[in-house]
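Structure first, then comments.
The values are calculated or read from the model by the stated rules, or taken from the named source; none is laboratory data. Note that this is a predicted model, so its numbers are computed, not measured. When we count neighbours, we look across all protein chains shown, and the Cβ atoms used for this are built from the backbone with ideal geometry, even at glycine.
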Amino acid sequence: MAQARDRQLVLTMFMVGFGFHNDAWRSPSSRADEIGQLSLIRDMAQAAERARLDAVFFADSYGAKGLRDGNYRGASLYEPIAVMGALSGHTDKIGMIGTQSTSWSEPYTVARQFASLDALTGGRVGWNIVTSTRGNENVGRDEMPLPELRYRRAMEFVDVVTKLWDTWDADAVVDDRANALWVDPDRIREINHRGEFFGVQGPLTIPRSPQEWPVMVQAGQSADGIELGSSYADIIYAVQPEKAAAIEFYNMYKQRVRDKGRDPERVKILPGIMPVVGATQSEADDLAAELADCIVESRARDTLEKTLDLDVSDLEPGDRIPQERFIAGANRVKRWYLFRDLAKELTLRELMVHVSRSLGHRFLIGTPASIADSMIDWFEARACDGYNFNPPSVPEGMNNMFELLVPELQERGYFPTDYVGDTFRERSGLMVSDDDVARVRAKYVKTKP
């Protein structure tokens with residue numbers, strides 16, 4: 001085994017029990033009958049922990065539209081706070097990242113939830129910060145707030161949460177039984193926040209986290225999303241399927257972090273990746289073909305039409321989409337242009353398979369050695385600091401990642417063979433600095449001399 005390198009990959013996994021490849025749950029080897037139950041998600045988390053992954057990640061949604069439309073990989077059958085609490089007793093080391101919306105929650109509630117989970121797990125919890133794009137009908141809102149308003153609220157929301165996480169000093173609990181003083185009240189402070197959206201006095205009712213405060217994760221690639229992530233997040237999830245664009249995004253983001261006075265080496269950029277791994281190329285190709293055969297054509301057509309904003313109902317699977325149907329515009333995202341270019345070479349069937357596989361994320365089909373080569377190439381080129389695995393199927397595709405690919409990365413010294421450190425932050429190089437704490441405390445409204 002090669003000597004461990006100073007800079008190593010950070011690896012997390014999206015906990016999608018259906019498999020990330022659309023309709024992978026239809027495979028005879030899937031555990032679709034257990035989706036929504038503890039048994040499946042427990043086994044997935046324990047498998048990820050045996051592979052020494054840094055963390056597992058739970059997405060969330062405030063609606064069932066994905067389930068009703070057949071877009072199962074985006075469905076949220078596991079409420080993040082509940083499932084992380086359940087898994088805390090079935091795992092020992094691995095980090096757990098849960099999504100909570102700044103649009104439909106309150107900062108004091110979110111601060112308490114994650115601080116409590118972090119204390120109960122010994123410092124293994126992270127918060128994926130999102131602004132919701134749907135769900136207003138389920139929280140008593142007639143319509144969705146405009147994006148600019150959602151992100152203004154999000155910036156203030158995260159500001160309040162980070163201040164609340166800092167309201168207890170690390171030595172606030174004195175356990176002085178002789179003087180009947182369990183906690184020193186002078187080491188707990190109010191924040192007295194008054195802003196555009198929130199009025200919060202504080203402090204929290206929960207002692208300081210073993211890792212200072214929970215890890216913060218963010219995935220928005222819009223201008224507002226980048227502003228939020230570069231201001232607060234420790235991990236950035238990204239959709240970056242092309243190496244040159246990924247390098248450009250990486251350099252831009254690190255500079256934005258640096259400009260805010262933060263250490264860019266403590267902010268990890270993790271693009272999504274779906275590796276279809278086989279012991280041989282033939283085995284990998286067979287698994288990829290099996291997953292492609294699971295795709296429901298009518299559903300794949302619908303997904304493609306929504307993704308590209310065009311009609312393909314008149315085309316046969318072997319046809320190519322006429323280029324004149326692609327109408328560019330200011331609201332088109334980079335992913336749309338990528339699919340437009342792919343449509344020049346791929347048939348409708350091939351394009352449907354492509355979208356069903358990765359939804360714009362990078363996907364690789366190959367042996368452990370060939371996929372590791374590509375992952376390491378991006379890492380060494382500073383296109384990323386690691387990856388968020390999208391398991392192609394569960395359990396087969398996921399187990400191949402853990403039993404074939406991860407050992408290859410470990411053998412080459414790019415991923416640790418064991419956990420080092422006591423908390424998620426320590427193990428993943430995300431430690432909070434004195435400057436980070438000072439920035440938070442500078443925002444307090446003082447009420448005492």
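Of all residues in the stretch 1-40, those satisfying the criterion of being aliphatic (A, V, I, L, M), over 30 Å from Ile376 (Cβ atoms) and assigned to a helix (DSSP H, G or I) are Ala32, Leu38, Leu40.
Take the conditions (1) in contact (Cβ under 8 Å) with a residue 12 or more places away in the chain; (2) surrounded by fewer than 18 Cβ atoms within 10 Å (Cβ to Cβ); (3) within 30 Å of Gly36 (Cα to Cα); Pro107 misses just one of them, which is (2). Of everything in the stretch 328-369, what is farther than 19 Å from Ala246 by Cβ, among the hydroxyl-bearing types (Ser, Thr, Tyr) and either in contact with a strand residue (DSSP E or B) (Cβ under 9 Å, 6 or more places away or on another chain) or surrounded by fewer than 21 Cβ atoms within 10 Å (Cβ to Cβ) (or both)? Give them in sequence order. Of everything in the stretch 328-369, those that are farther than 19 Å from Ala246 by Cβ, among the hydroxyl-bearing types (Ser, Thr, Tyr) and either in contact with a strand residue (DSSP E or B) (Cβ under 9 Å, 6 or more places away or on another chain) or surrounded by fewer than 21 Cβ atoms within 10 Å (Cβ to Cβ) (or both) turn out to be Thr347, Thr367.
When the residues of the stretch 41-62 are filtered to those that are outside any helix (DSSP H, G or I) and in contact with a helix residue (DSSP H, G or I) (Cβ under 6 Å, 6 or more places away or on another chain), the one that is farthest from Gly272 (Cα to Cα) is Tyr62.
I want to confirm something. Restricting to the stretch 265-314 and keeping residues that are of a type in the set (A, V, I, L, M) and free of Cβ contacts under 8 Å to residues at least 24 places away in the same chain, which single residue is farthest from Met398 (Cα to Cα)?
Applying the filter and picking the extreme gives Leu310.
You will find that of Asp23, Asp69, Asp54, the residue that is under 25 Å from Ile295 (Cβ atoms) and either touching a Cys at 6+ places or on another chain (Cβ under 9 Å) or at pLDDT 95 or above (or both) is Asp23 and no other.
Here Met144, Met155 are screened, and the one residue that is more than 23 Å from Ala86 (Cα to Cα), among the hydrophobic types (A, V, I, L, M, F, W, C) and assigned to a loop (DSSP other than H, G, I, E, B) is Met144. Contact map, the stretch 382-401: first residue within 15 Å of Leu270 (Cβ to Cβ), second residue of a type in the set (Lys, Arg), Cβ cut-off under 9 Å, separation 6 or more or different chains; pairs are Arg382/Lys254; Ala383/Lys243; Cys384/Lys268; Asp385/Arg7; Asp385/Lys268; Gly386/Lys268; Tyr387/Arg362; Asn390/Arg73.
Filtered by the rule that a residue be under 17 Å from Ala24 (Cβ atoms) and touching a helix residue (DSSP H, G or I) at 6+ places or on another chain (Cβ under 8 Å), the stretch 393-421 gives Ser393, Val394, Pro395, Glu396, Gly397, Met398, Asn399, Asn400, Phe402. If the condition is being without any contact (Cβ under 8 Å) to a residue 40 or more places away in the chain and either among the aromatic types (Phe, Trp, Tyr) or not in a helix (DSSP H, G or I) (or both), then the stretch 110-138 contributes only Thr133. Scanning the stretch 213-226 for residues being surrounded by fewer than 20 Cβ atoms within 10 Å (Cβ to Cβ) and at pLDDT 95 or above gives a total of 1.
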